[in-house]
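Just below is one structure, and these are the notes that go with it.
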Amino acid sequence: MIFKEFVGRAWIAAILACAAAAAGAQTGNELRFAGDLAVVAKEARARRMPIMIAFTQADCKYCHAAKRDYLIPMQNSADLRDKVIIREVDVDSSATLRDFEGRTITQSEFSKRYQVKRVPTVIVVDDIGKPLASPIVGLMAADFYSLYLQQAIEEGLYSLRSARRQD
């Protein structure tokens, strides 16, 4: 009886472990959407890091390539966890998000604030949504796209650190 109970519990634990692993794998393969930028801003402020916003479109093959080859690996990178928070905004979406001031707005309206006309566009901002680096518009040369993203992150970090020194 004890053996059956042990095997039953081990089986349940194995199923739960597989489910947790599958859920983790699913979130690791997608870019996190900017649902509540006010909360993200608090985290960025506390951790003294910039926020990278990737403006995308659902049917954009370049957006999918940028996410798959660059942005998702960056989001999952242990080296970048303490350098940048990455979020995605769909320029055509009527789904709402909370902006940096805590106001509810559609993702499409939020994109217009940053004058996003082409996708993918990546903008690095501070905790109030002010751009810290030049936007990266389009999926540029694949050999250099990663470098452009890294440079934007470093510019953002430098701007934040310089501003804090002056305070």
Residues within region 113-156 that are closer than 19 Å to residue 44 by Cβ and charged (D, E, K, R), tallied: 6
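Checking the structure you have, find out if any residue of region 32-43 is open to solvent by 80 Å² or more (accessible area, probe 1.4 Å), at pLDDT below 95 and over 14 Å from residue 122 (Cβ atoms).
In the first step, residues of region 32-43 are kept if they are open to solvent by 80 Å² or more (accessible area, probe 1.4 Å); the result is 32-33, 39, 42.
Imposing the further condition that a residue be at pLDDT below 95 reduces the set to none.
Within region 32-43, none of the residues are open to solvent by 80 Å² or more (accessible area, probe 1.4 Å), at pLDDT below 95 and over 14 Å from residue 122 (Cβ atoms).
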Residues satisfying the stated conditions in region 108-152, i.e. aliphatic (A, V, I, L, M), surrounded by 13 or more Cβ atoms within 10 Å (Cβ to Cβ) and not in a loop (DSSP other than H, G, I, E, B): 122, 123, 124, 125, 136, 137, 149, 152
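Does residue 105 qualify as being surrounded by 15 or more Cβ atoms within 10 Å (Cβ to Cβ) and closer than 17 Å to residue 31 by Cα? Break it down stepwise before answering.
Details: surrounded by 15 or more Cβ atoms within 10 Å (Cβ to Cβ): yes; closer than 17 Å to residue 31 by Cα: no.
No.
Would you confirm, using the coordinates I've provided, whether residue 68 is of a type in the set (D, E, K, R), over 30 Å from residue 102 (Cβ atoms), assigned to a helix (DSSP H, G or I) and modelled with pLDDT of 95 or more? Reasoning before the result, please.
Details: of a type in the set (D, E, K, R): yes; over 30 Å from residue 102 (Cβ atoms): yes; assigned to a helix (DSSP H, G or I): yes; modelled with pLDDT of 95 or more: yes.
Here the answer is yes, as residue 68 does meet what is asked.
Is it the case, given these coordinates, that residue 89 is of a type in the set (A, V, I, L, M, F, W, C) and open to solvent by less than 20 Å² (accessible area, probe 1.4 Å)? I'd like the intermediate steps shown before the answer.
Details: of a type in the set (A, V, I, L, M, F, W, C): yes; open to solvent by less than 20 Å² (accessible area, probe 1.4 Å): yes.
Yes: the conditions hold for residue 89.
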Residues (small (Gly, Ala, Ser) and either within 19 Å of residue 70 (Cα to Cα) or buried (at least 16 other Cβ atoms within 10 Å of the Cβ) (or both)) located in region 153-167: 156, 159
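Going by the structure shown, is residue 84 under 12 Å from the mean Cα position of the chain (by Cα), at pLDDT 95 or above and of a type in the set (A, V, I, L, M)?
Values: under 12 Å from the mean Cα position of the chain (by Cα): yes; at pLDDT 95 or above: yes; of a type in the set (A, V, I, L, M): yes.
Yes.
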Test set (1) at pLDDT below 75; (2) open to solvent by less than 60 Å² (accessible area, probe 1.4 Å) - residue 55 fails condition number: (1)
Residues (in contact (Cβ under 8 Å) with a residue 40 or more places away in the chain and among the charged types (D, E, K, R)) located in region 108-153: 126, 127
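The values are calculated or read from the model by the stated rules, or taken from the named source; none is laboratory data. Everything numeric in this text was worked out from a predicted model, so none of it was measured. Cβ coordinates were reconstructed from backbone atoms using ideal geometry, including for glycine residues, and neighbour counts include every protein chain displayed. Quick note on the areas: whole protein, heavy atoms, side chains included, nothing else; ligands and nucleic acids left out. Shrake-Rupley method; radii C 1.70, N 1.55, O 1.52, S 1.80 Å.
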